[in-house]
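Participant: This structure is in structure tokens; I'll ask about it shortly.
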Amino acid sequence: MREQLLYVGGEWRKGGGGTDTAVSPSSGEAFAQVSMGSPADVDDAVRAAAAAFPGWAAASAFDRAACCDAIVTGIRGRRDELARALTEDQGKPLAEAYDEVDELALYFRMAGDDAKRNDGGLPPSVSAERRILVSRVPLGVVAVVSPWNWPYTMGAELFAPALAAGNTVIWVPAPSTSACSGLLAEVVAGAGLPPGVFSYLPGPGPVVGDALAGHPGVSGVGFVGSVATGGKVAARAAGKAQILELGGNGPMVILADADLELAAEASLEAAYQNAGQSCTAGERFLVEASVRAAFTEAVVAATAARIRLGDPLDPATTMGPLNNGPPRPSSTGTWPARWPPAPGCAAAATAPPVSRPRCTPSPPCWTGSPRGWKSSGRRPSARWCRWSRWPPRSRRWSWPTPRRTG
């Protein structure tokens, strides 16, 4: 079983928060032991980052871009390993994992190129004898807390440009995908960055993330996750520079003049990519009444033809398990058992059954609104499609309460 350590101050070490066992959401088998950080580890990481900041900030943008290029080379050199680790730890199909790894390399390439293009300005002065020069300077120590649905790219979209701009970074990945995130940390650590410029600090958000967000030595905080947690991060990091990318989306609307085949294809990608575990997942589809039946037929047919659940390492699989959801009997029973369909609703189980811990046995397609359904305030994993006629038959027919977005 692989052991994944913390990376602090240029050294790999065990954390003070004990260990966590990484379990494959597909097979249910343990495959790694991940050291967890503690508040003391946070202090060490911040001290190392603060000590490394002056030298890293003083480096030229071209030198920092060269380090980003070295990270790109490392990602491409370990592409297969990173993709398979992502599938094993997160659960997404291998094809989707390769897409994420390729996008990850692109993020670092863009960050390095953008750093070389960062310019300033020469605004006019009230005095003819003076010139005003405006230049960009890095913030200092930046903490990045990232989610589990895209473990590589959601973190890198924040810490790649932060590093390229001259900041030092402490990365806290989601606990349920810390094992694969550790491989990315190995790539970054091997790119020649000075000690302390980058630290990898896995651990529970309420422990490690909270300590970092409120740490006086941290100048900026980047967070990707839920609205509820984002509010807590914003409060803890009050007074610091913040980038918060929070969850929430609107319905997909299909009107009578739409290309229904194209709409059905887009609906499948929206609802089933990454098993629906996405802030942009298709959760609600508003379909104009005159094309509802035709759209329903197109979506059910496309689901039956294209969506295949199973081992995410199998090339034939197009939808993997939930990363950290409840075991299958609960997750599959939640929607049909608790909210039986109202008259006129239909369900279509359109894929062969599988035997995986967090896979639904088939991706159902629901039409209409389940009787008694109310918003829980949480985004469901869209491992089903749900759509309703528009306009509704009754003005009393209500939508789930919309949530605030970031």
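The values are calculated or read from the model by the stated rules, or taken from the named source; none is laboratory data. Quantities reported herein were computed from a predicted structural model and do not represent experimental measurements. Ideal geometry is used to build each Cβ from the backbone, glycine not excepted, and the neighbour counts take in all protein chains shown.
Rundown of residues vs (1) in contact (Cβ under 8 Å) with a residue 12 or more places away in the chain; (2) crowded, with 16+ Cβ neighbours inside 10 Å; (3) farther than 30 Å from residue 83 by Cα, yes/no style:
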site	(1), (2), (3)
190	yes, no, no
198	yes, yes, no
208	yes, yes, no
218	yes, yes, yes
226	yes, yes, no
265	yes, no, no
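Participant: Would you point out which residue out of 275, 316, 270, 264 is assigned to a helix (DSSP H, G or I) and at pLDDT 85 or above? First the steps, then the outcome.
Facilitator: Working: 275 fails: at pLDDT 85 or above; 316 fails: assigned to a helix (DSSP H, G or I); 270 fails: at pLDDT 85 or above.
Exactly one residue qualifies, and that residue is 264.
Participant: Restricting to segment 267-294, count the residues that are farther than 27 Å from residue 147 by Cβ and either free of Cβ contacts under 8 Å to residues at least 24 places away in the same chain or under 25 Å from the mean Cα position of the chain (by Cα) (or both). Before you say what the answer is, go through the steps one by one.
Facilitator: If we filter segment 267-294 for residues that are farther than 27 Å from residue 147 by Cβ, which is where we start, we get 286-294.
Within this subset, residues satisfying the condition of being either free of Cβ contacts under 8 Å to residues at least 24 places away in the same chain or under 25 Å from the mean Cα position of the chain (by Cα) (or both) are 293.
Number satisfying all stated conditions: 1.
Participant: Within segment 89-144, how many residues are under 23 Å from the mean Cα position of the chain (by Cα) and either hydrophobic (A, V, I, L, M, F, W, C) or not in a loop (DSSP other than H, G, I, E, B) (or both)?
Facilitator: Of the residues in segment 89-144, 26 are under 23 Å from the mean Cα position of the chain (by Cα) and either hydrophobic (A, V, I, L, M, F, W, C) or not in a loop (DSSP other than H, G, I, E, B) (or both).
Participant: Please count how many residues of segment 65-88 are under 14 Å from residue 190 (Cα atoms) and in a helix (DSSP H, G or I).
Facilitator: Residues of segment 65-88 under 14 Å from residue 190 (Cα atoms): 66-78.
Remaining after also requiring in a helix (DSSP H, G or I): 66-77.
The number of residues fulfilling the criteria is 12.
Participant: Run down 103, 129 and say which single residue is modelled with pLDDT of 90 or more and closer than 30 Å to residue 312 by Cα. Can you show your working first?
Facilitator: Details: 129 fails: closer than 30 Å to residue 312 by Cα.
103 is the lone residue from the list that is modelled with pLDDT of 90 or more and closer than 30 Å to residue 312 by Cα.
Participant: Looking at 32, 48 in this structure, which one is assigned by TED's automatic domain parsing to the domain that holds residue 161 and modelled with pLDDT under 95?
Facilitator: On the way: 48 fails: modelled with pLDDT under 95.
None of the others qualify; the one that does is 32.
Participant: Here's a follow-up. Could you tell me whether segment 113-129 includes any residue that is touching a residue at least 40 places away in the same chain (Cβ under 8 Å), surrounded by 16 or more Cβ atoms within 10 Å (Cβ to Cβ), out of contact with any helix residue (DSSP H, G or I) (no Cβ under 7 Å at 6 or more places or on another chain) and in the same structural domain as residue 69 (by TED's automatic domain parsing)? Spell out how you get there, then give the answer.
Facilitator: The initial filter retains those residues of segment 113-129 that are touching a residue at least 40 places away in the same chain (Cβ under 8 Å), namely 113-116, 118.
Filter once more, keeping what is surrounded by 16 or more Cβ atoms within 10 Å (Cβ to Cβ): 114-115.
Among the residues that remain, those that are also out of contact with any helix residue (DSSP H, G or I) (no Cβ under 7 Å at 6 or more places or on another chain) are: none.
No, because not a single residue in segment 113-129 is touching a residue at least 40 places away in the same chain (Cβ under 8 Å), surrounded by 16 or more Cβ atoms within 10 Å (Cβ to Cβ), out of contact with any helix residue (DSSP H, G or I) (no Cβ under 7 Å at 6 or more places or on another chain) and in the same structural domain as residue 69 (by TED's automatic domain parsing).
Participant: While we're here: Counting only residues that are buried (at least 20 other Cβ atoms within 10 Å of the Cβ) and either over 20 Å from residue 257 (Cβ atoms) or small (Gly, Ala, Ser) (or both), how many does segment 280-297 have?
Facilitator: Of the residues in that region, 3 qualify.
Participant: Kindly evaluate residue 53 against the criterion of being part of a helix (DSSP H, G or I), of a type in the set (Phe, Trp, Tyr) and surrounded by fewer than 17 Cβ atoms within 10 Å (Cβ to Cβ). If you could, list the steps in order and put the result at the bottom.
Facilitator: Working: part of a helix (DSSP H, G or I): yes; of a type in the set (Phe, Trp, Tyr): yes; surrounded by fewer than 17 Cβ atoms within 10 Å (Cβ to Cβ): no.
No: the conditions fail for residue 53.
Participant: Among the residues of segment 156-173, count how many are part of a loop (DSSP other than H, G, I, E, B) and in contact (Cβ under 8 Å) with a residue 40 or more places away in the chain. Break it down into steps so the answer makes sense when it comes.
Facilitator: If we filter segment 156-173 for residues that are part of a loop (DSSP other than H, G, I, E, B), which is where we start, we get 165-167, 173.
This time we only want the ones that are in contact (Cβ under 8 Å) with a residue 40 or more places away in the chain, so: 165-167.
Residues flagged as part of a loop (DSSP other than H, G, I, E, B) and in contact (Cβ under 8 Å) with a residue 40 or more places away in the chain within segment 156-173 amount to 3.
Participant: Also, quick follow-up: Would you check which residues across segment 57-94 are surrounded by fewer than 23 Cβ atoms within 10 Å (Cβ to Cβ) and in contact with a Pro (Cβ under 7 Å, 6 or more places away or on another chain) and list them?
Facilitator: Result: 57, 94.
Participant: Can I ask one more? Give all pairs with beta carbons closer than 8 Å in which a residue from segment 1-17 that is in the same structural domain as residue 188 (by TED's automatic domain parsing) and in contact (Cβ under 8 Å) with a residue 60 or more places away in the chain meets a residue that is β-branched (Val, Ile, Thr) and assigned to a loop (DSSP other than H, G, I, E, B); count only pairs at least 6 apart in sequence or on separate chains.
Facilitator: Listed pairs, sorted by first residue: none to list.
Participant: Additional query: Tell me which of these residue 27 doesn't satisfy, since it passes every other one: (1) of a type outside the set (Phe, Trp, Tyr); (2) surrounded by fewer than 21 Cβ atoms within 10 Å (Cβ to Cβ); (3) under 30 Å from residue 167 (Cβ atoms); (4) in contact (Cβ under 8 Å) with a residue 60 or more places away in the chain.
Facilitator: The single condition residue 27 does not satisfy is (3).
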